[in-house]
Amino acid sequence: MPDFNDLISQAKKMQEKMKETQEILKKIEVEGTSGGNTVKVIMNGDGELKKITFDDALLKESKEILEDLIVAAHNDAKSKLKKKTSEEISKVTGGISLPPGFKIPF
């Protein structure tokens with residue numbers, strides 16, 4: 001039977017690592033693209049949209065096309081952020097999956 005103090009010590013270490021990981025996650029930046037890289041968005045680890053850039057040629061397109069490309073680039077960035085966040089959390093948890101609905105940061 002494991003020693004209770006060892007379990008508490010391990011839990012504290014995991015908690016410290018998770019706090020460090022939360023700080024790392026905040027500093028992550030991902031780039032989402034669409035339209036053959038004609039639209040790019042930068043998103044940080046908190047899910048905030050930091051920058052949108054688009055090719056000047058898109059100004060000749062309809063408003064609806066530009067709107068759709070921005071949404072697609074945002075969704076691409078969001079997907080990349082989710083993947084990168086999962087990779088960072090996996091480093092802390094040793095590859096153990098967190099329960100469904102478990103949110104990081106807490």
Per the filter on the stretch 32-49, residues in contact with a strand residue (DSSP E or B) (Cβ under 6 Å, 6 or more places away or on another chain) and free of Cβ contacts under 8 Å to residues at least 24 places away in the same chain are ASN44
Determine, yes or no, whether LYS40 is outside any helix (DSSP H, G or I), modelled with pLDDT of 90 or more and not small (Gly, Ala, Ser).
-> yes
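Taking LYS91, is it surrounded by 10 or more Cβ atoms within 10 Å (Cβ to Cβ), at pLDDT below 95, of a type outside the set (Ser, Thr, Tyr) and farther than 19 Å from GLY32 by Cβ?
yes
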So, in the stretch 18-37, of the ones that are farther than 14 Å from LEU81 by Cα, of a type outside the set (Ser, Thr, Tyr) and surrounded by 15 or more Cβ atoms within 10 Å (Cβ to Cβ), which residue ends up modelled with the highest pLDDT?
-> GLY35
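Applying the selection to the stretch 1-33, what residues are polar (S, T, N, Q) and under 18 Å from the mean Cα position of the chain (by Cα)? Write out each step before concluding.
Here is the first cut: in the stretch 1-33, the ones polar (S, T, N, Q) are 5, 9-10, 15, 21-22, 33.
Selection gives THR21, GLN22, THR33.
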Being touching a helix residue (DSSP H, G or I) at 6+ places or on another chain (Cβ under 8 Å) and surrounded by 15 or more Cβ atoms within 10 Å (Cβ to Cβ) is the filter here, so list the residues in the stretch 62-88 that pass it.
-> LEU66, LEU69, THR85, GLU88
Could you grab the pairs with beta carbons closer than 8 Å, sequence gap of 6+ or different chains, first residue in the stretch 12-31 and within 8 Å of GLY45 (Cβ to Cβ) and without any contact (Cβ under 8 Å) to a residue 24 or more places away in the chain, second one polar (S, T, N, Q) and exposed (fewer than 12 other Cβ atoms within 10 Å of the Cβ)?
-> none
LEU69 fails exactly one of the following numbered conditions: (1) of a type in the set (A, V, I, L, M); (2) at pLDDT 90 or above; (3) assigned to a loop (DSSP other than H, G, I, E, B). What is the number of that condition?
-> (3)
Can you pull out the residues in the stretch 25-37 that are under 23 Å from SER90 (Cα atoms) and in a loop (DSSP other than H, G, I, E, B)?
-> ILE28
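The values are calculated or read from the model by the stated rules, or taken from the named source; none is laboratory data. This structure is a prediction, so every number in the text was calculated from the model and none was measured. Positions of Cβ are backbone-derived with ideal geometry, glycine not excepted, and every protein chain shown enters the neighbour counts.
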